[in-house]
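Novice: After the structure tokens below, expect a handful of questions from me.
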Ligand SMILES: C[S@@+](CC[C@H](N)C(=O)[O-])C[C@H]1O[C@@H](n2cnc3c(N)ncnc32)[C@H](O)[C@@H]1O
């Protein structure tokens, strides 16, 4: 029997929204059912779009259907949102968007919902403009983000909040990092162009290449031999900021899957002594695979960065990279489910963990050494507030201001923030801290 893309899209949205599963995993499993590339792409667009615009679509739905559906009918609710998404954002003809959506009530074995969905979608088609105008009065609906998040971003970035929220709803580019120990960027671009793969250099990342279209990177030339890695240009800034040198002892405190570990090694000609620590044993496998494919070497240990006595107790490091566990709110455009999965309580717990790790690893930095604190977050609690507090409490810690042509600095606050979408990059925060001698 043919696989119905809209039905698979519905199932994926449900596992994410109702059962709280991660989008990446649910999407990969769902898309594996298709052999046809176009159907896969259609399903992926439908899922990502419906999740990106979930809050706005939900607001429209509640406008159309004053009485919410029962919890056991979340499938019908999500089906309505899928229909609304197609009408508003896809070039599906309106009648097809309605009839295909209505027909799925059969697959759900809920024939009673047929008339309801038909009525809701047809009313929307009739009154679309006035309903959207009403709903869009609230920024949280207009930009489709949770209320608490919209408020936090608005307060934190009075001049950029709309830019941030809009960028979170745009698809992200596929960016590669060319391995300079294997080939140079121009040579790789030439190889790609010979295979009709459209790509361009990234203006802010010396090893960065942006692909014009999404594709399976494992099929690109030099992948198997370690010619490049997949890494956003914002994440590529970390290794340049830490500037690893041969024979330096460098701790990568939260290392898996090793995007930055491998970059540190590449920039030191594989001669820095990089110690890669990671708490989750199941994530170590990806780290080892990446090192192996790129032909690089690091010491690896499973351990908790906030418990330094448990790992390499005798070593003090010249440099430390703390790519801290965070809310990942800088990469919402890649993982729209983050909007639904993160809560203010999660942010509090994460900031406590980040502070604990910072405090615990600081004694392991040599006097005169440098620590780079990094997150893929846009929340001040995890970034500038976190570092400000650390600097206040730690007399031998001093910020080294980052002089860069990317990101923004916030007045009187430490570090540099890349906003999502700025120069095509993910949202990221960096602060470089030096230890007094
Ligand atoms: C932002 S990711 C690191 C990404 C990695 N640096 C890269 O560039 O590929 C954070 C990592 O920290 C790990 N982690 C979380 N808590 C930790 C802890 N207490 N100690 C060490 N690692 C931890 C997570 O499992 C996750 O792999």
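Just so it is clear, none of the values below were taken in a lab; they were calculated from the coordinates. Computed from a predicted structure; not experimentally measured. Don't worry about glycine lacking a Cβ; one is built from the backbone with ideal geometry, like all the others, and counts go over all protein chains shown.
Novice: May I ask you to derive the relative contact order of the chain, considering only C-alpha pairs under 8 Å and at least 6 residues apart, and to give it as an integer percent?
Specialist: Relative contact order of the chain: 12 percent.
Novice: If you don't mind, there's one more thing I want to ask. When the helix-only estimate is applied to the chain (DSSP H runs of n ≥ 4, each -39,500 (n - 2.57), divided by the residue count), what is the mean residue ellipticity at 222 nm, nearest 500 deg cm²/dmol?
Specialist: Theoretical 222 nm ellipticity from helices: -13500 deg cm²/dmol.
Novice: Is the C-alpha gyration tensor of segment 174-230 telling us rounded, prolate or oblate? Criteria: a/c under 1.5 is rounded; beyond that, a/b larger than b/c is prolate, otherwise oblate.
Specialist: rounded
Novice: In addition: Express in nm, to one decimal, how much length is gained between residue 396 and residue 155 on full extension, taking 0.36 nm for each residue of separation and deducting their alpha carbon distance.
Specialist: Answer, rounded to one decimal: 83.6 nm.
Novice: Quick check: the angle from helix 54-64's long axis to the longest principal axis of the chain, C-alpha only, nearest 10 degrees?
Specialist: Computed tilt is about 20 degrees.
Novice: Report, in degrees rounded to the nearest 10, the 0 to 90 angle that the Cα long axis of helix 281-294 makes with the longest principal axis of the chain.
Specialist: With both axes taken from Cα atoms, the answer is about 70 degrees.
Novice: Let me ask you something else. For residue 29 and residue 110 in the same chain, what is the full-extension length gain: residue separation times 0.36 nm, less their Cα-Cα distance, in nm?
Specialist: Here the answer is 26.7 nm.
Novice: Describe numerically, in nm with one decimal, the distance between label points set 7 Å from Cα along Cα→Cβ at residue 137 and at residue 95.
Specialist: 3.6 nm
Novice: If you don't mind, another one. Among 299-308, 176-185, how do they line up by average Cβ neighbours within 10 Å per residue, starting with the highest?
Specialist: 176-185, 299-308
Novice: How do the peptides 206-212, 284-290 rank, highest first, by the average count of neighbouring beta carbon atoms within 10 Å per residue?
Specialist: 206-212, 284-290
Novice: Indicate the gyration tensor shape class of segment 237-435 (rounded, prolate or oblate), computed on the Cα atoms with a ≥ b ≥ c the square roots of the eigenvalues: a/c under 1.5 is rounded; otherwise a/b larger than b/c is prolate and the rest oblate.
Specialist: Here segment 237-435 falls in the rounded category.
Novice: Provide the packing ranking of 314-324, 426-436, 85-95, i.e. peptides ordered by the mean count of other C-beta atoms within 10 Å per residue, highest first.
Specialist: By packing density, highest mean first, the sequence is 426-436, 314-324, 85-95.
Novice: Could you give the nm distance between label points at residue 301 and residue 72, where each point is 7 Å from its Cα heading toward the beta carbon?
Specialist: Modelled inter-label distance: 5.4 nm.
Novice: Can I ask one more? With labels modelled as points extended 7 Å from the Cα through the Cβ direction, what inter-label distance (nm, one decimal) is found for residue 193 paired with residue 128?
Specialist: Each label point lies 7 Å from its Cα, and together they span 4.2 nm.
Novice: Once you order the gyration tensor axes a ≥ b ≥ c over the Cα atoms, which shape class does the chain get: rounded for a/c under 1.5, otherwise prolate or oblate by comparing a/b with b/c?
Specialist: prolate
Novice: Which residue fluctuates most in the GNM of the chain (Cα springs below 10 Å): 29, 162, 382?
Specialist: Largest GNM mean-square fluctuation: 29.
Novice: For residue 88 and residue 405 in the same chain, what is the full-extension length gain: residue separation times 0.36 nm, less their Cα-Cα distance, in nm?
Specialist: 110.4 nm
Novice: Any chance you could give the angle, 0 to 90 degrees and rounded to 10, that helix 37-52 forms with the longest Cα principal axis of the chain?
Specialist: Approximately 90 degrees, to the nearest ten.
Novice: Next up: Please state the relative contact order of segment 174-230 as a whole percent: Cα pairs under 8 Å, 6+ residues apart?
Specialist: 46 percent
Novice: Whole angstrom only: what separates the Cα centroid of segment 312-383 from the Cα centroid of segment 182-206?
Specialist: Comparing the Cα centres of segment 312-383 and segment 182-206, I get a distance of 32 Å.
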